[in-house]
Amino acid sequence: MLRFDVVTLFPDMVRPVVEQSILKRAQEKGLLDVRVHNLRDYTDDRHRTADDVPYGGGAGMVMKAEPIFRAVDALTAEAQEDGEQMRVLFPSPHGRPFSQDYAQQLAREQRRMVILCGHYEGVDERVRTALAPEEVSVGDYVLTGGELPALILIDAAARLVPGVLGDPESVMEESFSDSLLEYPHYTRPGLVRGLGVPEVLLSGHHEAIRIWRRKQALRSTYLRRPDLLRDRVLTDEDQRLLNEVISEGVTAMSMRGGEEE
Ligand code: 4GY
């Protein structure tokens, strides 16, 4: 079972999210276990102080190292008792970029994953020095804390665990269309505010639908994220479809998803 232990000063930023929808269901099915730990429970003073002013002065607060050490010690002891290994993650803009491959690696992880959520201006550097946590970044921007990134890691990994998504085909299909953007989706009714559904999707012709979707995925990727196609070896079929896309040109129609072939 995929297990995450989230250590945070703001458990309510994390708990309600993992108790909804697919993550909730995954936990009920015993495929995922997310435990949220309040860092304040690992402080030792009367005021349960988890942060303090920075040495050298400056704005903002810095998270104290000791409560984090104590939390990690407690989780390490617990893992040891249960005969399990542990991997410690630390979301930060300094980290290794998170990606679908990274998520896949987390999804296959046998060890418990502890996610240390920093907050405020930062965390006492001695947490890095002593624990050498694995730093992971969800993007080149600065957030107020590691809680949202923690949820991103959990969410992206959990949906890759077999059985978490209702339909095993959706993950299969996705791994096939690996690192292409998604094709467009439609649902009922057939006409919304005068907008129809591409004819082929109503045809019941499964092979034609497969090819249309593949071409749409290639078109969308070519137009919006050409970097994803750059170093990719295409199958003969993909190359043929992409050639069609290119020869059709970047028209208003193709920007709308190529609705009337
Ligand atoms: N971007 N990717 C990110 C972040 C903010 C620790 C307090 C990011 O992963 N984390 O912006 N985190 C945190 C980092 C100290 C602020």
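Laid out as a table, the results:
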item	result
Inter-part distance where the range 54-68 and the range 175-208 are each reduced to a Cα centre, Å	52 Å
Pairwise label distance in nanometres, LEU195 with GLU169, each label 7 Å out on the Cα-Cβ vector	2.5 nm
Largest-first ellipsoid semi-axes for the chain, taking √(5λ) over the Cα gyration tensor eigenvalues, angstrom	44, 21, 17
Lys, Arg +1 and Asp, Glu -1 on Cβ, resulting dipole of the range 89-221 about Cα centre, debye, nearest 20	360 debye
Size of charge dipole - the range 1-150 - debye, nearest 20, with Cβ of Lys, Arg +1 and Asp, Glu -1, no other charges	340 debye
Estimated FRET transfer efficiency (GLU125, GLN104; beta-carbon r; R0 51 Å; 0.05)	0.95
Contour excess over end-to-end distance, with Cα ends at ASP140 and ASP52 and 0.36 nm allotted per residue	29.0 nm
FRET E, pair GLN85, ALA59, Förster distance 41 Å, beta-carbon r, rounded to 0.05	0.55
Length added when fully stretched, ASP12-ARG40, from 0.36 nm per residue minus Cα-Cα	8.8 nm
For the range 44-124: rounded, prolate or oblate by the Cα gyration tensor [a/c cutoff 1.5]	oblate
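Every read-out reported here was derived from the displayed coordinates using simple, explicitly stated rules and does not represent laboratory data. Just so it is clear, the model here is predicted, and its values are computed rather than measured. Please note: Cβ atoms are built from the backbone with ideal geometry, for glycine as well, and neighbour counts cover all protein chains shown.
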